[in-house]
1. Does Ala108 satisfy the condition of being in a helix (DSSP H, G or I), touching a helix residue (DSSP H, G or I) at 6+ places or on another chain (Cβ under 8 Å), open to solvent by less than 30 Å² (accessible area, probe 1.4 Å) and free of Cβ contacts under 8 Å to residues at least 24 places away in the same chain?
2. Looking at segment 203-219 only, could you name the residues that are open to solvent by 10 Å² or more (accessible area, probe 1.4 Å) and part of a helix (DSSP H, G or I)?
3. Return a yes/no flag: does segment 155-176 have any residue that is surrounded by fewer than 15 Cβ atoms within 10 Å (Cβ to Cβ) and within 18 Å of Ile12 (Cα to Cα).
4. Go through (1) open to solvent by less than 40 Å² (accessible area, probe 1.4 Å); (2) over 20 Å from Ala67 (Cα atoms); (3) assigned to a helix (DSSP H, G or I); (4) not polar (S, T, N, Q) one by one and return the number of the condition Leu152 breaks.
5. Within segment 186-202, can one find any residue that is open to solvent by less than 10 Å² (accessible area, probe 1.4 Å), part of a helix (DSSP H, G or I), of a type outside the set (S, T, N, Q) and touching a residue at least 40 places away in the same chain (Cβ under 8 Å)?
6. Which residues, taken from segment 15-45, are open to solvent by 70 Å² or more (accessible area, probe 1.4 Å), modelled with pLDDT of 75 or more and not in a loop (DSSP other than H, G, I, E, B)?
7. Return a yes/no flag: does segment 97-104 have any residue that is under 23 Å from Tyr169 (Cβ atoms), open to solvent by less than 30 Å² (accessible area, probe 1.4 Å) and charged (D, E, K, R).
8. When residues of segment 46-62 are filtered for being open to solvent by 50 Å² or more (accessible area, probe 1.4 Å) and without any contact (Cβ under 8 Å) to a residue 24 or more places away in the chain, how many remain?
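The values are calculated or read from the model by the stated rules, or taken from the named source; none is laboratory data. This one's a predicted model, so the numbers in the text were calculated from it and none came from an experiment. Counting neighbours? That spans all protein chains shown, and the Cβs are built from the backbone with ideal geometry, glycine included. Keep in mind that these areas ignore ligands, DNA and RNA; they rest on the heavy atoms of the full protein, side chains included. Shrake-Rupley method; radii C 1.70, N 1.55, O 1.52, S 1.80 Å.
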Amino acid sequence: MELSLENRDIEIVLDLLAPRAAGAGFAAPATAGAIDPTRPDIVLRGARGAFEARRWSGDPVASAVLALIRGDWSDDAIAALHETIVARQADIGCREPSLLLHDCAAEAFAADKIGCAAVLLATLLHLQVEQAETLSALALCAARLGQFDEALLLANECLKLPHKHPRAYCIAGFCELERGNRKAAQSLLAVGARIARGRPDFAEMLRAAQRVLLILHFA
């Protein structure tokens, strides 16, 4: 039997999977010292150029990421993001630049500025910061926009990494459910729940997986 989640359940699940402000366990990139925190626009432009080059070379991940962002990586959008990041830094004081970008991405996602969040997350991915976290969060951005093909591609790419992130399993399971693949969805969500169990930092992802599994059980 084909099953699709109700809109209310979709919103609850995606909110539970949302990226949060960077904590003590969030790793900084090896190149962090080379990033000028007063010129985030340079970092954003560099990442944009790298993703565009990857897309022209046929990289499906770059194509999926750029499909989410559309006009949010224009020069004008970068200028606006630059001001946001600089203002955020002024509010909280000196902080490692990659953590600042992550926090701005979490705030943008919470404000439903999904394209903006995707730009910041893609920049972090370019900088090779916590790749499982950033790639799975990009998959979440795609799911939030209803672009389930891109979401599944990004989630599956995340699952190829050595570090398995429960958000990636949850998003992949969610996408399979949207495609009507109930058995695959249950399997992926169960793995995501198992990884998240016992990890306080993944508590909300565990709740997301369990919620969908419970709906499937009683459907």
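1. It is true that Ala108 is in a helix (DSSP H, G or I), touching a helix residue (DSSP H, G or I) at 6+ places or on another chain (Cβ under 8 Å), open to solvent by less than 30 Å² (accessible area, probe 1.4 Å) and free of Cβ contacts under 8 Å to residues at least 24 places away in the same chain.
2. Listed by number, the residues that qualify are Ala203, Glu204, Met205, Leu206, Arg207, Gln210, Arg211, Leu213, Leu214, Ile215, His217, Phe218.
3. no
4. (2)
5. Filtering segment 186-202 down to residues open to solvent by less than 10 Å² (accessible area, probe 1.4 Å) leaves 189, 192-193, 196.
Filter once more, keeping what is part of a helix (DSSP H, G or I): 189, 192-193, 196.
From what's left, of a type outside the set (S, T, N, Q): 189, 192-193, 196.
In the following step, the residues that additionally are touching a residue at least 40 places away in the same chain (Cβ under 8 Å) were identified as none.
No, because not a single residue in segment 186-202 is open to solvent by less than 10 Å² (accessible area, probe 1.4 Å), part of a helix (DSSP H, G or I), of a type outside the set (S, T, N, Q) and touching a residue at least 40 places away in the same chain (Cβ under 8 Å).
6. The answer is Asp15, Ile42, Arg45.
7. no
8. 7
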